[in-house]
Structures are given as structure tokens and as C-alpha cells.
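In what follows, a single structure is set out as C-alpha cells and then discussed.
Please treat every number below as a calculation from the coordinates, not as lab data. No experiment lies behind these values; they were computed from the predicted model shown. Note that we place each Cβ from the backbone using ideal geometry, even for glycine, and neighbour counts take in every protein chain shown.
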Amino acid sequence: MKIESRLAQIGSIQEPVTGAVSFPIYNATAFRHPRLGESTGFDYARSKSPTRKVLEEAAAQLESGDAGFACSSGMAALQTIFALFSQGDHLLVSLDLYGGTYRLLERIMSRFGVTASYVDTNDLDAMSTLYTPNTKAVLIETPTNPLMMITDIERVCAWAKSKGMLTIVDNTLLTPFFQRPIELGADIIIHSATKYLGGHNDVLAGLIVTKGKELSEQMAFLHNSIGAVLGAQDSWLLMRGMKTLALRMERHQENATRVASWLLEHELVEEVYYPALPHHPGHDVQNRQSSGNTGIFSFRLKDAGYIEPVLRHIKLIAFAESLGGVESLMTYPSVQTHADIPEEIRRQIGVDDKLLRFSVGIEHADDIIADLDQALAAAKRERQEA
Ligand SMILES: Cc1ncc(COP(=O)(O)O)c(C=O)c1O
């Protein structure tokens, strides 16, 4: 079955009693045992719960994995994954990545003796230099948030495998509709499902998908033991959002491509970072390993003085954190999503005070462009008058 059909059908054929097309929300946290030593398959909701199970099975299938785990947020999913590692273990991590992932590694995991080195994950020489016998995994974001750097997933997975390491891919920005890293050799997928999978800026959730029996069993143990699991209501809401993922991703891609191309020509814009644009350094790899492009990109204005008035004048586009919802959102990474990354690293990778991140929604592209046009014009006018 094609992915569009699998998405639309999530949870609609599993309910055997009533035939409900939308899978019910089971709020129960405890389940009766038929007799001693017997179980219906459900005992206690932290370990397994009916509504969450349907979501988890769908996630595993969509990502071509063996098991799925729904968590209370993307960060909860990352924390659960990091619990695979022990004191002394070391990770290689994408240089440009979500600030919260960096904060979790540097301010929390480091206290438990799990360390990370940040590296351009396309530079295998640099990765080999940083590799030690204690290096247990590579964590890739591709595209990265916010600079949209692309990593050749197959190449990194093959390299990691040759050294006995796991490859973890944060697939939040492309979703399994456009990219399935397990098919390219990855072992673990993590999603902030709060973003495109949920898609409506109304559910906070994370997903993990694992490949392989042993890893799936280990993750099931950690998921239950840590307990940062997704509740039944949110599991249902996430499934509801995922049913329209294909349509939304196609429109996000179409709008983002039009808006990014328009911005590239604008007199106040210095650069646009979007892999769909032919001049983007990751364009060819992205086209090879993914079937489409995300709806988010970053762009750099020619002067930091334009940032404040642009954010003040946008109307249709909301000045708000997060990404991947139907509504267009713009954020200022250096003071918001990436504030926890030290300034020297931010500058090295280009997350500076002239960079804006834009999550292009599914409104009409003409309206999005008109809003940007008036905000940029107002910023120019105010700068001239100042
Ligand atoms: C790429 C990426 N991974 C993980 C996270 C964390 O997810 P959550 O906010 O759902 O905890 C985010 C959040 O912005 C993200 O952008």
C-alpha cells in the first residue's frame, strides 16, 4: 500500500467491536487480568495502552522500522534514546542542530558521563579524528534546524556500522512521507511529532522508531522504565493529524519553494538556506535520499537592524517558536530556539543575529508573500527614516 493510503487509514481498521473508523481513545490506565498469569496484552498504561499502541505501530510501519514508541515530547524521546548510553560513552552529533538537543547533551547527559562532539556529519575525516573506542553512536539531523544542512545518510550509516556504532536520525523536518532513514541504514529514528506529524500546533509529542529485535527490546524497556510516554488523548490527536500528512507536506513544500525563491531575489535578503533551491550545497544529496522537501527554511537579512521591524510588521505570519504546523510561523533562532548554543558555535555555523527561520504554512502562497513584502518594505522604510 502506498504511504498516502497508510497515513489516511491510521487506526481505522483496528477496532473490531464497533468498526469505528476513528480509533477510540482508551483512557484506562489499568486493565483486568482474566486470571493469574494471564493478560489481555494490556496491564498498565505506561507499559502499553490501546490508543498509543495503534499510533506506535503506525509510526514503526511508516518509518520501515520494527517498533515504535510514543513519548510525551520530542525531548522526552531524545532522553529515552540517550538512556541507551552509559557513563564514559561518547556520541558524534551534527554540528548544527536543535538547541534543546544540545542543551540536553551538554547540561544533563554530561553530568552522567555521556559526552558528545559536534561535527560536520559529511566530513568523515573529521568524524574519524573524533572517533574513540567509546564512541557509541552518531546523531544526525538532516536537514538541520535551522541551517538546513544535508547529510548523506547512507554514507554515514555505512561508516558508523563499520565501527560498530548506532546511527540515530532526527527525521522531524522531512517526516517519513519524504524521507525514511532506516531504509538507508539508520538504526533509530526520533521525531518531534509536535511538528509536521501533528501538524496543527496543538499537540506536544515525540516518536521513536527502532530497527532490529534487540534494540527494539532495549527501547521498550527504557520507554516503560523512564515513563515519559504519550497519553491516550494526545495519541489520538497525533493520529488524527497524521492522516493528512501527505497533503500537508505537499502543500508545505510547494509554498516553501515559492516563498524561498521570492525571498532569494529580494533586495534586503543576503541568503536563503533551502535544499530545494539548486544553489544549496546539499541539493543533490537531498534529491537522492528524499522524495521531497520540508516546509521550513532559514534566510539571512543584509542588516540585523531589519530583524526587529520585520518581526513587528508580519501579520498573517505569526512571530512564534515551533514549526511544521498549518499556520506560518517565523522565529529568530539566535535568541529563541538556539539560545542555549554558545555564541562561538552559533557564529561558526552561521546562526547569527541576521538569521530568521521560517516555517511556511499551508495558507495561499500569494498571501504569505504579500505579508512578507509589506513587512520587509516597512523595515526598509523605518531604517531609512531612523
Ligand atoms: C529537530 C527537532 N528535534 C527535536 C525537537 C524537540 O521536540 P519537542 O519540542 O517536541 O520536545 C525539536 C523542537 O523544536 C526539533 O526541532
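As a proxy for reagent exposure, ranking Thr40, Thr210 by other Cβ atoms within 10 Å from fewest up yields Thr40, Thr210. Only helices enter the 222 nm calculation for the chain: every DSSP H run of n ≥ 4 contributes -39,500 (n - 2.57), and dividing by all residues gives -10500 deg cm²/dmol, rounded to 500.
Plainly put, the range 3-243 has a radius of gyration that is 0.99 times its Kirkwood radius, both from alpha-carbon atoms, as the Rg/Rh ratio. Relative to the longest principal axis of the Cα atoms of the chain, helix 153-162 runs at roughly 50 degrees. Quick one: helix 365-385 against the long Cα principal axis of the chain, what's the angle to the nearest 10°, folded into 0 to 90? Tilt relative to the chain: about 50 degrees. As a proxy for reagent exposure, ranking Cys71, Cys157 by other Cβ atoms within 10 Å from fewest up yields Cys157, Cys71.
Of the beta bridges in the chain, as assigned by DSSP with both residues counted there, near 55 percent are antiparallel. Cross-link pairs exceeding 21 Å in C-alpha to C-alpha distance, out of Lys136/Lys161; Lys53/Lys161; Lys48/Lys211; Lys161/Lys211; Lys53/Lys136; Lys163/Lys195, comprise Lys53/Lys161; Lys53/Lys136; Lys163/Lys195.
Residues whose amide H lies under 5 Å from that of Glu270, counting only those 5 or more places away or on a different chain, are Arg300, Leu301, Lys302; hydrogens are built 1.01 Å from N in the peptide plane.
Listed by Cβ neighbour count within 10 Å, with the fewest neighbours leading, Ser225, Ser47 appear as Ser225, Ser47.
Over the range 85-223, the Kirkwood radius and the radius of gyration, each from Cα atoms, give a ratio Rg/Rh of 0.94.
What shape does the range 245-385 take by its C-alpha gyration tensor, where a ≥ b ≥ c are the square roots of the eigenvalues and a/c under 1.5 counts as rounded, a/b above b/c as prolate, and the rest as oblate? Oblate, since a/c reaches 1.5 and b/c is not below a/b.
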